[in-house]
1. I'd like the full set of residues that are under 19 Å from the mean Cα position of the chain (by Cα), part of a helix (DSSP H, G or I) and under 12 Å from Lys17 (Cβ atoms), limited to the range 40-76.
2. State whether one or more residues within the range 171-186 are within 27 Å of Leu64 (Cα to Cα), more than 11 Å from the ligand (Cβ to nearest atom) and either open to solvent by 10 Å² or more (accessible area, probe 1.4 Å) or at pLDDT 95 or above (or both).
3. In the range 82-106, which residue that is part of a loop (DSSP other than H, G, I, E, B) and farther than 20 Å from Gly237 by Cβ is farthest from the ligand (Cβ to nearest atom)?
4. How many residues does the range 229-256 hold that are more than 17 Å from the chain's Cα centre (by Cα), more than 17 Å from Ala22 (Cβ to Cβ) and within 16 Å of the ligand (Cβ to nearest atom)?
5. Tally time: how many residues in the range 107-161 are among the charged types (D, E, K, R), more than 22 Å from Gly233 (Cα to Cα), without any contact (Cβ under 8 Å) to a residue 24 or more places away in the chain and open to solvent by 60 Å² or more (accessible area, probe 1.4 Å)?
6. Would you check if Ala20 is modelled with pLDDT of 95 or more, over 26 Å from Tyr213 (Cβ atoms) and open to solvent by 20 Å² or more (accessible area, probe 1.4 Å)?
Amino acid sequence: MEKERKLIIAGNWKMHKTVAEAVDLVRGLKLELAGVKEADIVVCPPFTALCEVSKLLLDSNLRLGAQNMSEHPGGAYTGEIAAFMLKEFSVRYVILGHSERRAYHGETDALVARKALAAHAAALKPIVCVGETLEQRDRGETEAVLERQVRGSLAGLTREQMLETIIAYEPVWAIGTGRNATPDQAQEAQAFIRRLISQMYDESVARRVRIQYGGSVKPSNARELMSQPDVDGALVGGASLEVRSFVDIIKNAIAR
Ligand code: PEP
């Protein structure tokens, strides 16, 4: 399938950065990335920094994302954040079903699908994460795991909603380990995911939906990974916490 999709590169800051540190980082990114149009660039700070970061992004080509949200529209859910609260800060994207949330907070495919529907109901674009563990890969279960996660986590999305959804292929063994998937491994998994989307929807949706790769993306591997035909961007953890490394990832990815 021919590539006709704009790159989308998102930084997942996880549970890092005070508000002051977040502001510093975004100021640096804005200076370095002003005018970059070849990729959609998204920063996903912790909830506590969304308010201040959103003010800085008002006159910027960078977009704001959140790292999680509730499946519920609001109400008595102590400690949760609803979509309408994210909208207050002009959040456009929300990461859902990150493997850390699946592993440490018991998030299931069904829950991720409900959250994805709630995100779309609020006109937020979900970045839905899927990916196998090392044990699953070693047992030859990668495709079965991806199929279960993709079908389960996207269940119920309409064709239009699917087109506004980003999928992040994040092999769990590559997250935060310094060991990225090889470009071939990423391509193979992401082509498989695209074929699944074609079966679930149609070829036109599959051709248009963007699939990011995530897992130890760095300036040194961004270009080769992003050159793969089914890799449409990156979800970046550790390397998104510093101006220089995130900017270099974006510049190297664009130069692919
Ligand atoms: C992530 O957590 O989404 C991620 C890809 O992390 P890292 O880049 O640090 O591997």
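The values are calculated or read from the model by the stated rules, or taken from the named source; none is laboratory data. Here the structure is a predicted model, which is why all the values come from computation and not from measurement. All Cβ positions, even for glycine, are placed from backbone atoms using ideal geometry, and neighbour counts span all protein chains on display. Heavy atoms of the whole protein, side chains included, go into the accessibility calculation; ligands, DNA and RNA do not. Shrake-Rupley method; radii C 1.70, N 1.55, O 1.52, S 1.80 Å.
1. Phe47, Ala49, Leu50, Val53
2. yes
3. The selected residue is Glu88.
4. Qualifying residue count for the region: 2.
5. First pass over the range 107-161, keeping only residues among the charged types (D, E, K, R): 107, 109, 114-115, 125, 132, 135, 137-139, 141, 143, 147-148, 151, 159-160.
Filter once more, keeping what is more than 22 Å from Gly233 (Cα to Cα): 107, 109, 114-115, 135, 137-139, 141, 148.
Among the residues that remain, those that are also without any contact (Cβ under 8 Å) to a residue 24 or more places away in the chain are: 107, 135, 138-139, 141.
From what is left, the residues that are open to solvent by 60 Å² or more (accessible area, probe 1.4 Å) are 135, 138-139, 141.
Counting residues in the range 107-161 that are among the charged types (D, E, K, R), more than 22 Å from Gly233 (Cα to Cα), without any contact (Cβ under 8 Å) to a residue 24 or more places away in the chain and open to solvent by 60 Å² or more (accessible area, probe 1.4 Å) gives 4.
6. Numbers: modelled with pLDDT of 95 or more: yes; over 26 Å from Tyr213 (Cβ atoms): yes; open to solvent by 20 Å² or more (accessible area, probe 1.4 Å): yes.
So Ala20 fits the description; yes.
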